[in-house]
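Here's the structure we're looking at; comments come further down.
All of the numbers you see were taken from the coordinates with simple rules; none came from a lab. Being a predicted model, the structure only gives us computed values, none of them experimental. All Cβ positions, glycine included, derive from the backbone under ideal geometry; neighbour counts span all protein chains shown.
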Amino acid sequence: MERVSHIKLALFYIVSLLFIAANIYLLIVKESRVLILLPLALGVVLLALYRLDVLFRLVIFLTPLSIPLTTFYPDSTINMSLPSEPIFFGLLGIFVLRLLMENDFDRKVWRHPVTLMIGIYLGWMLLTSFTSTMPLVSLKAFLAAAWFISAAYLMATQYLKRGFSSVRELWLLFLAGMVIVIILTIRKHIGYGLWNKQIAYKVPQPFFNDHTVYGAVIAMMIPYLLAFAADRESRMKTRLLFLMLLPLFVAGLVFSYSRASWLSVAVAAVVWLIMKLRIRFTHLLFTTVAVVVILFTFWTQILLKLETNKTDSSSNMVKHVESMTNITSDASNVERLNRWYCALEMFKEKPVFGWGPNTYQFKYAPFQIREFRTIISTNSGDWGNAHSEYLGALVSSGLLGLLAFLSLIVSILYTGIRLYSRTEDSRTRLLSMAAVLSLATYFVHSFLNNFLDMDNAAIPFWMSFALIVVLDIQESNKIKG
C-alpha cells in the first residue's frame, strides 16, 4: 500500500512538472494563453491519481460534448477532441502503469475470446503502422484506438461488473451528454428550418464532425433507451425518465437526415425479431454468407437496376429514403462509389499490409477516375475517408486487417446472441439484447461510413463490447456455480 502511495506521489510531481514546462513553452515561445487551463489540467491529474472512478465517469459524460482542437486552432497540424482524448490518453498511461506495478486486472476478461480477438485486431494494426506509408500518422491512429479500447473496453469491464445500477449509470452519463448535443443541434437546425436537409450536414458541429456520425451515435443509443425503459425491476420514475428521452433521440435521428442511420435502425429491428425468435447463430451466419454470395453473383444486374433510380436526396422524407439507391445523380452516393473504387484499387496495390492505418485520406487522390467524380470530390483527394469500416480496414491493414475486424464482429455477435439465448435472468437478457442491437446499428452503418477513429462513436461502440463480455463472464460463473 505504501509503495502505491509513493508511486502516486511521484507520478503527481512528474506530471505537474511536465505540465508547467509545456505551458511555459507555449506562453513564451508560441505566445499561447493555454496556460490558464493549467489548473483544470492539474485537477484532472489529481482525479486520475486519487479518484480514477470519478474521472472515468466524467470523461464518459464529456465524450459527446468534446470539441476538436482545430475549432480553436484552425491551422493546427494535429487534431484531437478536447477534453476527452487527452484524458483517454492519460487513462491509457495509468492503465499500463497499474498493469506493470499491481497486475490485479480481472484474468477472466483477459482470457475471454472477445478480448483475444481485440488483441489480434490491435496487434495487426500496430504491425501495419510500422509498415505504413505514413508511419507517424498510423502510429497516432493506433494509439487513439488503444486509448479508446483501454478506457471504454478494459476499464469499463471493471466498472460494469458492479451490477445493473452501474451499467445504467454509465450509459446515463453518455446519454446525458448526448441530450445536450441533440437539444443544441435541433435548436440550431430550427433557425435554418427543420426541413432544410442541406444544413443538416453541419448543424451538429462542433460536437460531431457531420450529420452521419451524429445520426450513427443516436442510433446506437436507442436500444439502450428502450432497454432501460422496459426494465420491470426498476422504479417507475426511472423507467419514465428513459421513456421521455426516447422522443428526443428519435427526433435527433430523423432530423439528422442520415439515411444510413435510418437504415441501421430498421435492420436492428429485424435483428430484434430474430433474437426474439431465438434463431441459431450458425443459421444466421450461413444466411448472411449466402446473401453476400448472391449479391456478388448478380452484382451487374443489381447495378443496372439501381441506375434507373434518379431520385435525389431531399427534405421530403420519402424521396430522401428512395434516394439511397440512386447511384447515377445523387452526389453523396456517387462520391461514396468513388471512395469505394479508390479503396479497392489501393488494396490491389498493397494487399498484405495495406497502406497503413488512417492513411487513406492522404493517398486515395491518384486512384480517382472521371466516371465517379462528383461536385463534392476534391482534386487533391485530401478530405474524408473510405466511407466504409470494412474497406477502410482492407486499405489500412490489408486482407488480414479486414479478416481481423470481421472476426471481431462475429465473435461479439456470437457471444451476445448466445448469452441472450441461454440466460434466465431478465436483466441480463435485456442488456445483452440492447448491446447486440446497438452494435448491429453500427455494423450496418459500417458498410457506408467509418467512425471508429472518432471518440464520440468509438466509446459507445467499445462500451457495448465490454457490457457483453461482463455479462457473459457473469453468466458463465452462474452456470459453473
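Tabulated values for the structure
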| quantity | calculated |
| --- | --- |
| Point-to-point label distance, LEU295-ILE479, nm (Cα→Cβ direction, 7 Å offset) | 3.1 |
| Cα centroid separation - the stretch 52-111 against the stretch 214-252, whole Å | 26 |
| In order through the stretch 146-158: 3J(HN,Hα) via Karplus (6.51 cos²θ - 1.76 cosθ + 1.60), integer Hz, x for Gly, Pro | 5, 6, 5, 5, 4, 7, 7, 10, 5, 5, 5, 4, 6 |
| 5 angstrom amide H check on ILE67, placed H, neighbours 5+ away | LEU82, SER84 |
| Which of ILE279, ILE218 has the fewest Cβ neighbours within 10 Å, and the rest in rising order | ILE279, ILE218 |
| Residues MET463, MET346, MET236 arranged by fewest to most Cβ contacts within 10 Å | MET236, MET346, MET463 |
| Of LYS108/LYS276; LYS276/LYS480; LYS202/LYS276; LYS202/LYS237; LYS197/LYS348, pairs whose Cα-Cα distance is over 32 Å | LYS202/LYS276; LYS202/LYS237; LYS197/LYS348 |
| Packing-based order for 468-479, 59-70, using average beta carbon neighbours within 10 Å, highest first | 59-70, 468-479 |
| Sequence ranges 351-358, 364-371, ranked by mean other-Cβ count within 10 angstrom, highest first | 351-358, 364-371 |
